[in-house]
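A short worksheet on the structure shown next.
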Amino acid sequence: FANGNDNGGGAIFVERGFMEIIDCTFTNNTVLNKTGGGAILSSLSDVKVINSTFTNNKAIMGGAIACMIGNMTAEGCIFTNNTAEDDYIIYILESNGQITTSVFTNNRANGIVYIDGDTGSTINNNIFLNNIGTPVDFYYESNTDYNWFGHNETNYKDSPGIDQCSKWLFLNATATPDTMNMSDTSNVTFT
């Protein structure tokens, strides 16, 4: 899906219903108003997104997905080069979220995932690499374990900055040499 409009939900808007999105690609969708949801906006709905890709989507809030009052599941998805001007790449308000086995790379926002639901939300088994913004933020206590945080900068942090995250891995990878031909080899050091 790619349409680049100024209405809420750059490609899909779901209201008062249920939608399951499987194996879809959302590219270059833009929403410039406050409603948000660069690719998907849901209101009073339950949305499940499985094995889908979000690339170069942009919104003021919810650069890729915004969910207002409902439940949001993202499983096995890839989020790359998405932008949120004021808020988050995935913005879940007054809703529960289940974000699992997904990859977030090179996204730019105040934060990557925000969930304002009750204590039933989980953000587990994801990879957050080279993003600008807090990886995970939530209003109520959520389960945020077994995520991998990292980037290739030498000034990496010792923790992901998430208060209630107790089981996590942060790796800094350095390759020597860092450029090579197809048959060459390189040593990769993880710190």
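Details
- Neighbourhood net charge (10 Å Cβ-Cβ; Lys/Arg +1, Asp/Glu -1) for residue 111: -2
- Accessible area per residue, Å², the range 1-125 with all protein chains present, probe 1.4 Å: 38 Å²
- Percentage relative contact order, the range 18-146, counting C-alpha pairs under 8 Å, at least six apart: 19 percent
- Of the peptides 173-181, 95-103, 58-66, the ranking by mean beta-carbon count within 10 Å, highest at the top, reads 58-66, 95-103, 173-181.
- Relative contact order for the range 17-80, counting Cα pairs under 8 Å that sit 6 or more residues apart, in percent: 39 percent
- Efficiency of FRET from Cβ geometry, residue 106 and residue 86, R₀ 30 Å, rounded to 0.05: 0.95
The values are calculated or read from the model by the stated rules, or taken from the named source; none is laboratory data. Computed from a predicted model, the values in this text were never measured in an experiment. Neighbour counts run over all protein chains shown; Cβ positions are idealised from the backbone, glycine included. These accessible areas exclude ligands, DNA and RNA; they are computed on the full protein's heavy atoms, side chains included. Shrake-Rupley method; radii C 1.70, N 1.55, O 1.52, S 1.80 Å.
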